[in-house]
1. Show me, for the stretch 122-128, the HN-Hα J-couplings you get by feeding each phi into the Karplus relation (A = 6.51, B = -1.76, C = 1.60, θ = phi - 60°), rounded to Hz, glycine and proline as x.
2. Per-residue ellipticity at 222 nm for the chain, helices alone: DSSP H runs ≥ 4 residues times -39500 (n - 2.57), over residue total, nearest 500 deg cm²/dmol?
3. How high is the relative contact order of the stretch 191-260, given as a whole-number percent (alpha carbon pairs under 8 Å, six or more residues apart)?
4. Which of the trypsin sites (Lys or Arg not before Pro) found in the stretch 181-281 are loop residues per DSSP with 15 or fewer other Cβ atoms within 10 Å of their Cβ?
5. Enumerate the amide H contacts of LEU48 below 5 Å, restricted to partners 5 or more residues apart or on another chain; note that Pro and chain-start residues carry no placed amide H.
6. Can you pull out the GluC sites (Glu not before Pro) in the stretch 46-97 whose DSSP state is coil and whose Cβ has at most 13 other Cβ atoms within 10 Å?
7. Give the long-range amide H neighbours of ALA231: residues separated by 5 or more places, or on another chain, with amide H under 5 Å away, using H modelled in the peptide plane at 1.01 Å from N.
8. Counting only residues 5 or more places away or on other chains, whose amide H sits under 5 Å from the amide H of HIS132 once H atoms are built in the peptide plane?
Amino acid sequence: MKISPAKVIARVKQALIGMSGLSAKLHRVRGYHKVTIVSYHGIHSDELPLEDHCFMHLDRFQEQMHYLHQHFNVLPLEQALQMSDYDGEKPLAAITFDDGFYNNYSQAFPVLKALQLPATIFLATNYINSHHTIWFCDLLRMLSQTPNKTLLWQGKRYHLKNNEQKQALSRLLQAQLKTRKADEARAELQALAKALDCDLDYRYQADSPFYMLTTAAIKEMSDSGLITFGAHTHNHVILSKTTLEHAREEIQTSILETEKLTGKPCYCFAYPNGRAEDFNESHQQILSDNGIRFSATTINGLTAPQKELLAFKRLFINTDTGIEVFKLQVHGHR
């Protein structure tokens, strides 16, 4: 893919701003009126079966956490969202993780604990204490394991000779499946498993990056006082892609299960996929009716405390986000 000269120049300028420390200085000049809320999914230290934008290497995660620790006042999510008239010496930040992967405990938690950084993890509760995982991880695993060198799918043939081709196909298929209704997406995933000669009913083990959290891990993190937990639907269903009745069931079940797992009230929720088109006012009303006070989107940007609490913005931190780009993001320059 070619990059235009204008984009190259823009990226060079951004890198220079990041390296110079100017991003932090500009943030201070503009004032700390908004909260920087960063969003992660999985953290890994070993090689992935197939690279994906939701799984970040531990070394990169550690570097980013050290930067937040040094340059931000990192608060628990609920506290940060309720701040008013903040006049601290550092900008406010909060850390979140979506889905509930076991590596949030095995990889990320030791880093957070060492730096005493609080975080919130949103749980897709049906997968907790199980050997199953969220659908896009099934897709990544099947593409990495398939013995086939091509895939004939919806009248088009795709090559699967190397990881680059598989990663490109993964991005394409994930984007397509996210547009389908919940039952249609599941049926297509089953058809893909057959076409790839893979088993969709796969049992993940604790050494897999796709393995999900357990009750014991959740309890240890919750008891530490550093980690709070929110709901993320029961089956990671995109709310706008199912009926309102099913959406209500997914929301209510995930809230109740989160409270059972932690022994604490659940006040936070994250919309699966989280774009503006993935939820609506009816879903927000259901959340409010069930005691949810704060709901996370994946809409990019910093968040104004005490505003849009049922649809607050976050910064998605991509797998390949280097530290200079990270600085630009967290200080609101990208």
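1. The phi angles translate into 9, 9, 7, 5, 5, 9, 5 Hz.
2. Values: 12 runs with 136 residues, N = 334.
The helix-only estimate for the chain comes to -12500 deg cm²/dmol at 222 nm.
3. On the way: 32 pairs, mean separation 15.9, N = 70.
Dividing the mean separation by the residue count of the stretch 191-260 yields 23 percent.
4. On the way: sites: LYS181, ARG186, LYS194, ARG203, LYS219, LYS241, ARG248, LYS260, ARG275; in loops: LYS181, ARG203, ARG275.
Counting only loop positions with at most 15 other Cβ atoms within 10 Å, the trypsin sites (Lys or Arg not before Pro) in the stretch 181-281 are LYS181, ARG203, ARG275.
5. none
6. Numbers: sites: GLU47, GLU51, GLU63, GLU78, GLU89; in loops: GLU47, GLU51, GLU89.
Of the GluC sites (Glu not before Pro), the ones in loops of the stretch 46-97 whose Cβ has at most 13 other Cβ atoms within 10 Å are GLU47, GLU89.
7. Placed amide hydrogens put LEU123, CYS268, PHE269, ALA270 under 5 Å from ALA231.
8. Amide H neighbours of HIS132, under 5 Å, 5+ apart: TYR204.
Readers should treat all values here as calculations from the given coordinates under stated rules, not as data from a laboratory. Being a predicted model, the structure only gives us computed values, none of them experimental. Backbone-built Cβ (ideal geometry, glycine too); neighbour counts: all protein chains shown.
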